[in-house]
Amino acid sequence: MCSLEKRGNLFILTLTGSDEHRLNPTLLDAIKSALHRVRSEATASSALITTAHGKFFSNGLDLDWAKSGDPEINPRIQLMGFKLRSIVKDLISLPLPTIAAVTGHASAAGMIFVVSHDYVVMRRDRGFLYMSELDVDLPIPPWATAVIRAKVGPAAALRDVLLRSEKLTAAEAAKLGIVESAHDGAEETVRAAVRLGEELLRRKWDGHVYGQIRMEMFSDLLRALDFSENHVASRL
Amino acid sequence: MDPHTQPIPMLHLIVECIWGAILGTHSTSQKQSSNQRNTHHNVHVREARRNILTLTGDDDHRLNPRLMDSLRSALQQVKEQSTRSSALITTARGKFFSNGFDLAWAQSAGSAAAVEDRLLHMVDLFKPEVADLISLPMPTIAAVTGHAAAAGMMLAMSHDYVLMRSDKGVLYMSELDIGMKFPDYFTALVRSKVGSAAARRDVMLRAKKVTASEARVRNVRTRLSPSGKGWPYQDSGPGVDSYPCPRAQGTVASGERQVYELILGGIAFDS
């Protein structure tokens, strides 16, 4: 499901297998455990790179497993949403820089997972970032919109991502400021992530301070991620 | 109307309030008969009051309690004397606009607890300065002639417009590099002034040293100015100033030209 390895001071979390890496409870739990390990094993100067094997980075929540039904009250979708929300919170509080090396398609919840990282490098020749919900008649839960809003800058970009369900290539995403750089092929993308990681490590930041600054930067987002918990009509 | 300079010497800064008259023209056109148009040019004289607040001395203008008290008084004075055509230009002498809080002063306290207290004290003192600048009843322009780091950068960004030297000086949130968190109002200020999420991340989470041209590209609101060499501002003497200031050069003078533009553009504030 996912593997965690360490290369020097870089943690590399990989979504393994050549499937769509649908975010079902098992995979979500595996990711959460991996992040927990990263947090406890992180030394003074560490960084995390998240990447994936195969054609997909992640194609979103496991809607097949959830079966059909109103997504607002479907308990399986609520469960996956809850687990993903928790992972996003972890990523925001993680005491080290985080980089998503997007080697394949990332849509819906998969895109949320990607943009929850501090930096995104992406494969130029294949793959989209895509908030597919509008195209498949699924409402986006408020907390997920909050993530996109916090990470995607100008109003026009936000509109294109959410309200136009744009399939963004790496180049387009780079222009919108969502992606740092675009690279040819999966391996080169991961190498670029490693280079970026090492460059950030050279600054010798205190991970604890880094995490706190990030939490302060995204304090609104953290509030939005918590709010849904108390929401009576508990949507995702 | 005589231009009038009132230097208000205070520790570490000077506020000069200069006012003069500006010739402005606008034309109105009236149709006198069905095939005739008369154009009248109305020349009017508007009083313009530009307040130039300068952080003096060749040091790095650290925001310690003493400087901040002077700053507070200066802003209070500017506010009290404001008129419909006032503006504020904040600038500094030397290599630095401001290098932030006076950490050396904090660290010279007796104990770790006392150091912490001094730091918090400066954080608390600076917050109303930011509020004062944001609520100042006139346009405000930071003419950033040198490096602006940490709280110094926040000082610049509390202004409506930021002009920078194109050849020298950076805006720099240095906190991450020195292992400090920001106060929440710093984050709020950056969030409200820096448009793109990626730029906010680079400023706050990457401690990027932003030059004038990068600031432009990255939506940190700045305008390039012709290279600000030294301190070219000169009072043009008694009489009437005409627009545009023909020999305007340098960052401060750009700020001034901006002021003229604002005033002629008819921006006026009711205090």
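For region A:75-114 versus region A:1-31, the inter-centroid distance based on Cα atoms is 12 Å. Ignoring any ligand, DNA or RNA, what whole percent of the accessible area of region B:39-218 comes from carbon and sulfur when the probe is 1.4 angstrom? Of the solvent-accessible surface of region B:39-218, carbon and sulfur hold 49 percent.
Rounded to whole numbers, the Karplus 3J(HN,Hα) couplings from phi for region A:53-65 are 8, x, 6, 10, 6, 7, 8, x, 5, 7, 6, 4, 4 Hz, using 6.51 cos²θ - 1.76 cosθ + 1.60 with θ = phi - 60°, and x at Gly and Pro. Largest accessible area first, the listed residues A:Glu216, A:Glu20 line up as A:Glu20, A:Glu216 when surface is computed with a 1.4 Å probe on the assembled protein chains. Each Lys and Arg contributes +1 and each Asp and Glu -1, all at the Cβ; summed about the Cα centre of chain A, the dipole is approximately 420 debye. When region B:143-210 is described by a simple charge dipole with +1 on each Lys and Arg Cβ and -1 on each Asp and Glu Cβ, the residue from B:Thr187, B:Ser174, B:Val203 located farthest towards its positive end is B:Val203. List the residues of region A:105-142 that lose 50 Å² or more of accessible area once all protein chains are present, compared with their chain alone (1.4 Å probe, heavy atoms only, no ligands or nucleic acids). Going by heavy-atom accessible area, the residues of region A:105-142 that drop by at least 50 Å² are A:Tyr119. Whole angstrom only: what separates the Cα centroid of region B:43-119 from the Cα centroid of region B:126-182? Value for the Cα centre distance between the two parts: 11 Å. Accessible area per residue for region B:39-218, computed on protein heavy atoms with a 1.4 Å probe, is 38 Å².
Note the buried accessible area between A and B here, summed over both chains, with a 1.4 Å probe, in Å² to the nearest 100. Please list the in-between numbers first.
Values: alone 10990 and 13320 Å², together 22420 Å².
For A against B, buried area totals roughly 1900 Å².
Considering only A:Val136, A:Gly17, A:Ser86, and ranking their Cα positions along the charge dipole of region A:2-226 that arises from unit charges at the beta-carbon of Lys, Arg, Asp and Glu, the one farthest toward the positive end is A:Ser86.
Among the residues of A:150-163, the average count of other protein chain beta-carbon atoms within 10 Å of the residue beta-carbon is 2.
The values are calculated or read from the model by the stated rules, or taken from the named source; none is laboratory data. Every value quoted in this text rests on a predicted model; they were computed, and no experiment measured them. No Cβ is skipped: glycine too gets one built from the backbone with ideal geometry, and neighbour counts run over all protein chains shown. For accessibility, only protein heavy atoms count, side chains too; no ligands or nucleic acids. Shrake-Rupley method; radii C 1.70, N 1.55, O 1.52, S 1.80 Å.
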